[in-house]
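Only one structure is covered here, and it is reproduced in the block below.
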Amino acid sequence: MTDEEIVKSIQDGNKENYELIVERYEKKLFFYIKKMINQPAEEVEDVLQEVFINSYINIQSFDTKKKFSSWIYRIAHNKSVDYIKKVKLKIKICEDDDLFEENNKLIEDVLVEEENKTQVFRSINLLEEKYKEVVLLYYYENKSYEEISEILRIPTNNVGVMLFRAKEKLKVFLKNYEKN
Amino acid sequence: MKKTKLEKQIMEKIENKEIKMKSKWWFFAKTTSLRGIILLNILLCSIILSATVYLVSLKTPLELFSYGNIGMEIFFNDFPYIWLISAVVLIISGTILLSKVGDNYRKTTKTVLAINIVFIIIATLIFGLLKNSFNLESWLGRF
């Protein structure tokens with residue numbers, strides 16, 4: 001059963017199927033929110049619970065012809081941004097070892113030496129929020145331009161432009177690291 | 001499969017009706033109201049633009065420029081700025097509202113602005129054709 005089919009059944013009254021949605025997205029969204037807010041697990045769980053509650057309340061507004069994952073990621077993104085605003089944090093991407101291994105594509109794209117991997121992730125935290133969000137969704141969540149456009153509500157063309165600019169900025173930060 | 005803590009919490013809240021989904025009609029009413037406001041915005045803007053053109057031709061005809069500095073002074077003093085400013089405000093607000101409808105967020109601001117302006121031009125042309133039925137000239141005579 002696809003996500004959209006499950007949502008259709010929930011919209012038609014089979015509320016118990018919402019459990020399947022929670023089951024499918026709990027881990028994915030936990031890690032996404034963790035990367036966004038960079039807070040302890042308890043805080044992340046609170047935000048995650050809000051995401052699922054909000055998603056359930058508004059599920060009738062979801063158009064089943066569209067992709068559900070983008071819709072729920074949008075809610076997770078909004079809730080994370082609300083949390084960040086509330087506690088006045090800056091989005092900080094975690095420097096977990098696992099993430100280094102998972103994101104070779106980013107390392108390749110910014111053309112750095114293997115030993116500079118750690119610096120890449122430190123440099124991401126120096127980027128402006130709007131660039132960080134795009135980098136996070138593209139490289140960490142493997143979302144397409146179309147999906148990022150839906151999640152962040154920005155024109156599809158802008159996604160590519162923002163990624164390009166983010167990479168350029170990262171290269172500059174890395175060069176500065178090398179110089180110093 | 002064993003339920004996680006979060007699954008249990010969420011499903012309990014749903015079963016106990018602590019959280020309820022909003023009805024389809026609530027969202028339908030919300031979308032329809034937004035579209036209605038945009039339509040009203042376009043209509044109002046077209047009326048104001050027609051009124052601006054009419055008032056410019058009535059109060060500040062371009063012939064005033066042939067009278068030199070005095071003519072220019074009269075032109076700029078009597079120009080219906082408030083109508084023009086109102087039209088600009090409505091164009092901006094209409095563009096913001098239009099960008100919130102459907103998949104318009106995918107479009108750039110310039111594209112949404114262009115779409116809004118096209119709608120306004122069409123509405124203004126229709127209004128221009130029907131202005132005699134609306135008796136615009138006698139109504140604007142009061143201003």
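The values are calculated or read from the model by the stated rules, or taken from the named source; none is laboratory data. For clarity, every value in this text was computed on a predicted model and none was experimentally measured. Note that each Cβ is placed from the backbone with ideal geometry, even for glycine, and that neighbours are counted across all protein chains shown.
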Verdict on A:I124 being at pLDDT 65 or above and more than 24 Å from A:S69 (Cα to Cα):
yes
Being hydroxyl-bearing (S, T, Y) and part of a loop (DSSP other than H, G, I, E, B) is the filter here; which residues of the stretch A:122-172 pass it?
A:S144
For residues that are at pLDDT 90 or above and more than 11 Å from chain B (Cβ to nearest Cβ), scanning just the stretch A:149-167, find the one that is surrounded by the most Cβ atoms within 10 Å (Cβ to Cβ).
A:A166
From the list B:K30, B:K8, which one is over 25 Å from B:I91 (Cα atoms), assigned to a helix (DSSP H, G or I) and within 11 Å of another protein chain (Cβ to nearest Cβ)?
B:K8
Between B:L98, B:L55, B:L64, which is farther than 23 Å from A:N54 by Cβ, among the hydrophobic types (A, V, I, L, M, F, W, C), more than 28 Å from the chain's Cα centre (by Cα) and crowded, with 17+ Cβ neighbours inside 10 Å?
B:L64
Sort out for me the helices (runs of 4 or more DSSP H) sitting completely within the stretch A:1-80 that have 1 or more residues that are free of Cβ contacts under 8 Å to residues at least 60 places away in the same chain, more than 13 Å from chain B (Cβ to nearest Cβ) and under 21 Å from A:N142 (Cβ atoms).
A:18-37
Residues that are of a type in the set (D, E, K, R) and under 14 Å from the mean Cα position of the chain (by Cα), drawn from the stretch A:147-169:
A:E147, A:E150, A:R153
With respect to B:M1, determine if the residue is within 14 Å of chain A (Cβ to nearest Cβ), modelled with pLDDT under 85 and part of a loop (DSSP other than H, G, I, E, B).
yes
If B:S66 satisfies every condition in (1) of a type outside the set (V, I, T); (2) farther than 30 Å from A:N17 by Cβ; (3) within 14 Å of chain A (Cβ to nearest Cβ) but one, which is the exception?
(3)
